[in-house]
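We did not get these values from a lab; they are worked out from the coordinates using the rules stated. This structure is a prediction, so every number in the text was calculated from the model and none was measured. Virtual Cβ from ideal backbone geometry, glycine too; neighbours counted across all protein chains shown.
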Amino acid sequence: MRFFSFTYHGLLALFLLAVSLVTLSSGTHSLRMEFLPWDGKALTYWLLFGSLFGLLTVVLAWRRTLTALFLLWSFAVLALLLRGYFLSGYYFDDGDEFRRALYLTGGAILAATGAWFEFRWRPAEKLRR
């Protein structure tokens, strides 16, 4: 479960980093993700710095340091997806888009569960002779 969580958030952060860098390099700032609360230039920078923070939390949690940050990141991603897709006035164009939103949100739920396990993980004590 922890491995899925690291993989999900690592790939998500890399994807968002690539999207924000392509948008920044184009100079237009015409990126639109209507399920997120930002738009235009603010959205580009939120994605850029958010993805860098997400990658940092994945690396730190992988090294078993500051797992609380990874847990917060996981819950923040889940909250943004739930709020943006299902608790706002977002309108799905077709069933495929709704299905993708369900898959993305379901993955975020599983990843948040894995982040919780990572946060709660304690190494086994070594047996003393």
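Computed from Cα positions, the angle between helix 67-81 and the longest principal axis of the chain comes to roughly 30 degrees.
Between the helical axis of 95-120 and the longest alpha-carbon principal axis of the chain there is an angle of about 30 degrees.
For the chain, pairs of C-alpha atoms spaced more than 22 angstrom apart make up 42 percent of the total. Say the dipole of the chain comes from +1 at the beta carbon of Lys and Arg and -1 at that of Asp and Glu; which of Trp46, Gly89, Thr57 then lies farthest toward its positive end? It is Thr57. In the chain, helical runs assigned H by DSSP with n ≥ 4 each contribute -39500 (n - 2.57); averaged across all residues and rounded to the nearest 500, the mean residue ellipticity at 222 nm is -24000 deg cm²/dmol.
Once the Cα atoms of helix 40-62 and of the chain are each reduced to a long axis, what angle between those two axes, in degrees from 0 to 90 to the nearest 10, is obtained? Value to nearest ten degrees: 10.
Between Arg100 and Ala79, the modelled label-to-label distance comes to 2.6 nm, taking each label 7 Å out from Cα in the direction of the beta carbon. Remark: the Met33-Phe86 segment gains 17.6 nm on full extension, using 0.36 nm per residue and subtracting the alpha carbon distance. Under the combined filter of DSSP loop state and at most 16 neighbouring Cβ atoms within 10 Å, the stretch 29-120 retains these GluC sites (Glu not before Pro): Glu34.
Looking at the stretch 1-95, the trypsin sites (Lys or Arg not before Pro) that sit in a DSSP loop and have at most 13 other Cβ atoms within 10 Å of their own Cβ are Arg32, Arg63, Arg64.
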